[in-house]
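Novice: Right, I'll just put the structure down here and ask away after.
The values are calculated or read from the model by the stated rules, or taken from the named source; none is laboratory data. As the structure is a computational prediction, the values presented were derived from the model and not from experiment. Cβ placement follows ideal geometry from the backbone for every residue including glycine, while neighbour counts extend to all protein chains displayed. Surface areas here come from the heavy atoms of the whole protein model, side chains and all, with no ligands, DNA or RNA. Shrake-Rupley method; radii C 1.70, N 1.55, O 1.52, S 1.80 Å.
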Amino acid sequence: MCLAVPGKIISIEGQTAVVDVVGNRINAMTALVPEALVGDWVLVHAGLAVTVMTEQELSLIHISEPTRPY
């Protein structure tokens, strides 16, 4: 079974994006989604951004902001 998680692109340098996934920042390769821009939401699987999510797709999921203890 495969799992992809949604995240928001924070920055892009070359083909590597920093993606915020529920408060955790991870690196994801953007070779499969060269159209991705800072601020876009992408699905990330195994370190690869595999698709840019549409507004309609985003409306179907609930993404909660993490609670920070500080």
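Novice: What nm distance separates the two modelled labels at M29 and V5, each placed 7 Å from Cα along Cα→Cβ?
Specialist: Output for this residue pair reads 2.0 nm.
Novice: Determine the relative contact order of the stretch 1-58: mean sequence separation of Cα pairs under 8 Å and six or more apart, normalised by residue count, in whole percent.
Specialist: Reported as a whole number, the value is 32 percent.
Novice: Using 16 Å as the cut-off for backbone N distance, which residues of the stretch 1-25 belong to the label zone defined by a point 7 Å from the Cα of V38 along Cα→Cβ?
Specialist: Zone members listed by number: 8-20.
Novice: In square nanometres, what is one fourth of the surface area of the convex hull spanned by the alpha carbons of the stretch 4-54?
Specialist: Convex hull of Cα atoms, orientation-averaged projection: 2.9 nm².
Novice: First compute the accessible area of the chain with a 1.4 Å probe, then give the percent of it belonging to carbon and sulfur atoms.
Specialist: Reported share for carbon and sulfur atoms: 57 percent.
Novice: Counting Lys and Arg as +1 and Asp and Glu as -1, what is the net charge of the other residues whose Cβ lies under 13 Å from the Cβ of V19?
Specialist: -1
Novice: Between L48 and residues 5 or more places away or on another chain, which pairs have amide H atoms under 5 Å apart, with H built 1.01 Å from N, and which residues are they?
Specialist: Excluding prolines and chain starts, which carry no amide H, the hits are M29.
Novice: So what is the 222 nm mean residue ellipticity for the chain from helices alone, if each DSSP H run of at least 4 adds -39500 (n - 2.57) and you divide by all residues, rounding to the nearest 500 deg cm²/dmol?
Specialist: Rounded to the nearest 500, the figure is -1500 deg cm²/dmol.
Novice: Give the accessible surface of the chain per residue, rounded to a whole number of Å², with probe radius 1.4 Å and ligands, DNA and RNA excluded.
Specialist: For the chain, the solvent-accessible area averages 71 Å² per residue.
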